[in-house]
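Derivation of every value follows stated rules applied to the coordinates shown; laboratory data play no part. All values reported here derive from a predicted model rather than from experimental measurement. Every residue, glycine as well, gets a Cβ built from its backbone with ideal geometry; the counts of neighbours run over all protein chains shown.
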């Protein structure tokens, strides 16, 4: 590996380490920071590529931060670059959470810490509901979408309330299959309708 | 074999979590509850800790669960497992899969996953709120302090969004601020 390449790899690692260290609240909070660092400061990717990247990150699984780091690293330094960027973005939270995990149980034995966490557990529920409502607002609202949304909600609520064993992955697979079937049936019907007119 | 379980559990989380941090919570919850790694109370502590520390929630959760269940090796394995699917898929997209992402059938599946995930998140959020207010799930065991606290926090979140005064000054209640307020309120209500 020549010197320039090594420098690129080190730069990718350090930049994403910094991004990982200063992004609170996960994925979407990271997007403006990545824009600032990778487009404006370093010119590693273009604005066009960035907006592509956001779409790809949303439609592929995994943390948005990882998707972004892998993408930028790959564009800039191939597979090794993507490894460096991904490793860099993960490392800060890994170290911090690992240290916290060593002490959290002891912390919870202190009365005021336990009280604080009791309060926090109420906030977490609200935060999740709030995030869900924001997502629902942005969601396309045709008949199929609304039915899938309602069924998923009711099934999941029932599973939780009744303490049933039903994996969310199964539910997602069923919804994906249902969406595909509806799409095929619809496009067949549309094709037939088209033939009829001619 | 705890290492294998951690690896498989978090591979599943990494592979099926679409659409950002909160979308992953129901999946993580599913995996950690069914393996008995955390209960709902511990899970919500960890969500709060993840929100108040840098980095993606999924990575934070993997590191924490891995560490409490399998030490440093467990946490490294779980973290690697949660990251790997996204890493591989993005490499594939860059080198080969562009066309697949734009395929109309793939799009149809993706489009139906969005409402499904949204429904799941809403249900889990409501359930966790309920669980906080009704710890034992019996109508007689309502935790009134928790109910009051929940109402207060929800109101606060709602008001900072709706009142012009805050909107004009771009004052937003970030998750971290809400968590700090909640912890102070918790100390006030449940005592030191």
The protein assembly as shown: C-alpha gyration tensor shape, a/c 1.5 cut-off, then a/b vs b/c: oblate
Fewest-first ranking of A:183, B:22, using other Cβ atoms within 10 Å as the exposure measure: A:183, B:22
Relative contact order %, chain A, counting alpha carbon pairs below 8 Å whose residues are six or more apart: 19
FRET efficiency, 1/(1 + (r/R0)^6) with R0 22 Å, evaluated for residue A:79 and residue A:14 via beta carbons: 0.70
Mean Cβ neighbour count within 10 Å, used as a protection proxy, ranking A:90-98, B:154-162 highest first: A:90-98, B:154-162
Cβ-based exposure ranking for A:165, A:76, in which fewest neighbours within 10 Å come first: A:165, A:76
Peptide B:149-162 - average C-beta neighbours from other chains (10 Å radius): 3
Relative contact order for segment B:67-160, counting Cα pairs under 8 Å that sit 6 or more residues apart, in percent: 10
Rounded if a/c under 1.5, otherwise prolate or oblate - chain A, Cα gyration tensor axes: oblate
Average other protein chain Cβ within 10 Å of Cβ, residues B:173-180: 4
FRET efficiency, residue A:111 to residue A:150 (Cβ-Cβ, R0 56 Å, nearest 0.05): 0.85
Sorted by Cβ neighbour density within 10 Å, fewest at the top, the residues B:141, A:144, B:150: B:141, A:144, B:150
Segment B:2-133: C-alpha gyration tensor shape, a/c 1.5 cut-off, then a/b vs b/c: oblate
Linear extension gain, residue B:96 paired with residue B:162, 0.36 nm per residue minus alpha-carbon span: 19.2 nm
